[in-house]
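None of the figures in this text is laboratory data; all of them are computed from the coordinates on show. Model, not experiment: these values are computed from the prediction. Backbone-built Cβ (ideal geometry, glycine too); neighbour counts: all protein chains shown.
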Amino acid sequence: MFTFSEQERLAYIAGFASLADKYQKCADFQDAQDCNLVVIDGTIDDQIDAMIDAAVENRCPDYAAYKQFFEDCFMRLNGRYPCPSVTSDYDCGVIFAAIDKGEGE
């Protein structure tokens, strides 16, 4: 039995471009299913963000709560901080410095 990619190649070699295109679409769909991709409407950046969120949620079910806590910490800081990131060492340092300052160090 041939994979969709192999069937696409054979159809193209035989001169059946339309059939080859259909096999390519099947191969793309199979790849998406194998990777557990999240298919959503929107930009490629939205799709990548959705895939990352799904992968993180699988590894750390409490991630959303931790992220919300982190964002709430930044909301309580005086001043404007446009886009804090949970994975940024600098951003975490801002929070830690604020805690240290509040404790009188």
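Between Phe2 and Thr87, what is the FRET efficiency for a Förster distance of 30 Å, r being their Cβ-Cβ separation, to the nearest 0.05? With a Förster radius of 30 Å, E is 0.10. From most to least packed by mean Cβ count within 10 Å, the peptides 59-69, 16-26 give 16-26, 59-69.
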